[in-house]
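Everything on this sheet refers to the single structure shown next.
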Amino acid sequence: MLINKCIIKKVAIVVLLLLTSYNVYNMSFLDFYRHDSGYYLDTYVWKLINEGRWVYFLYFNYVKQLPPIVNISLYFSIMLFFFYKVSFEISDNHDDSILFSLLCVNSPTLYILLLWPVLPVLSSIILLILLHYSKKIDLKFLLLLSGILSFATYSNVHFLMPLLFLNSLTKSSASFTINFILIWVGSFIIGYVTSNLFVYFFTYLYFDEPMFIKLADWRNPNPINSMQSLMGNFHITVSRIISDLVYSEMRYIILVLFSFIILSQRRIPVKAYFWSVIIFSSFYFSNIYHGIIISYRSLLTSFVALFILFMFLKPPYRSISLILCSFILLAFNFEKVIWFKDVSSTVAQRFNSISHIFNGADGKVYVHWNKNEEYKFFFDTKEQPFGIEHINDFEYRQVRPYLLAQGFDNVQFLYTNTEYMGVVRTTRIDDHWHIYFE
């Protein structure tokens, strides 16, 4: 019986790995990615000023040379290894650790994040570096390094740091726990300050007026300036947490989790719940000060915080629950990938009649269209997967990313009163291509 259970578990691992690889493969060969994908940016200067990610800025031109299949596969591979190592510290079981890592890399937010395939890979390399030194350097210095490097790449990296010490944190004294949290939060603040100083120094050298990080308008920043604004931002954050728990894929994870907690009849340590809640809420509450939009693609840490609790279930409930949740999320991820692949393919087909201009495409291209007829290019959002947003923005989520993917450097839109009847034609004027939707 024990041998049969081991075989079943290993078969499940192979199947999950193959299905995950299939999704990753499909993600790597889309007709286009997001309009602000790193592949379509000539420079990272304004992104640096808006976000402070100075490691991205320094290595941007090198990483963007890698094709999507390399960037995305490398990201998944590193994250698989990271979560395996974290899990093994808790379970001391190879198979369950592999299952946990597969569940983590199938977080739905990861697939949405990979619509920007160039950027995530650097943050995963930072995670790998921090994992390597987690037992070799002082805890304070490691968290300080994490705070600085995570803000230089992707701040969510810092919220995963407790995972490196979770086995000891769930058994540690209250004083050690408080001390860890203070250093963890303090290093996050230091990371933010460091990125601001880098941006200030850079803009001092290359611009007329030096500046600190200036959040982009689309993030809708609402920084705290009074008790009323503090309470307002807090209310928005709590509302968003409730919304994600109720409407996103998190609801299925929670349902499976508590069902197996009841079935296993095993009391999960209180400190495990404590750290799960802390890690889950860390990203949400880190945005309270600026009051910016909380993007679904940024909630990897929240999903992982829920997954952690599965590792404290007793066998065989731990393995069964991990396998079940992985298949559930794989199904949702498959839907996301295929839906976006179909959408990007449909957008690409609109340009079939003028595809000859894409051979050696470069420079500026002008797109003439009737903005009042944007509805003719809309996709049915009833079947749109949770977390994928604004696909019906004709300019920035359809035409612009597609034309940039073909090799154009700059896409300009000119508005006409011409009714769109399904014809797309092109002409060349003054060494620039003009595309007409008529």
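Every read-out reported here was derived from the displayed coordinates using simple, explicitly stated rules and does not represent laboratory data. Just so you know, these numbers come straight off a predicted model, no measurement behind them. Cβ sites come from the backbone with ideal geometry, for glycine too, and all protein chains shown count toward neighbours.
Things worth noting here:
- Contact order for the range 260-400, expressed relative to its length and based on alpha carbon pairs under 8 Å spaced 6+ residues apart, stands at 22 percent.
- Here the relative contact order of the range 152-254, from alpha carbon pairs under 8 Å that lie six or more residues apart, stands at 12 percent.
- With the helix formula -39500 (n - 2.57) applied to DSSP H stretches of n ≥ 4, the chain reaches a computed 222 nm mean residue ellipticity of -19000 deg cm²/dmol.
- Coarse-grained scattering of the range 240-317 at q = 0.17, 0.19, 0.23 Å⁻¹, given as base-10 log I(q)/I(0) from a Debye sum over alpha-carbon atoms: -0.69, -0.83, -1.10
- Three semi-axes of the equivalent ellipsoid, the range 290-438, Cα gyration tensor, whole Å, largest first: 42, 15, 15
- In percent, rounded to a whole number, the relative contact order of the chain is 20, using alpha-carbon pairs under 8 Å and six or more apart.
- Cα centroid separation - the range 152-182 against the range 23-88, whole Å: 26
- Its Kirkwood hydrodynamic radius, worked out from the mean inverse distance over all distinct Cα pairs, puts the range 26-72 at 11.5 Å.
- A simple spin-label model places pseudo-atoms 7 Å from Cα toward Cβ; at Y415 and V70 they are separated by 4.3 nm.
- Relative to the Cα centre, the charge distribution of the chain, modelled as +1 at Lys and Arg Cβ and -1 at Asp and Glu Cβ, gives a dipole magnitude of about 1680 debye.
- Between the range 203-217 and the range 274-340, the Cα center-to-center distance that results, in Å: 35
- Global form of the range 360-438, assessed from the alpha-carbon gyration tensor, a/c cut-off 1.5: oblate
- Judged by the gyration tensor of its Cα atoms, with axes a ≥ b ≥ c, the range 273-337 is oblate; a/c meets the 1.5 cut and b/c is at least as large as a/b.
- Cα gyration tensor, the range 49-175 - rounded (a/c under 1.5), prolate or oblate: oblate
- Within-14-Å neighbourhood charge of Q265 [Cβ basis; K, R +1; D, E -1]: +4
- Full extension of the chain between N222 and Y396 gives 60.2 nm of extra length, using 0.36 nm per residue less the Cα-Cα distance.
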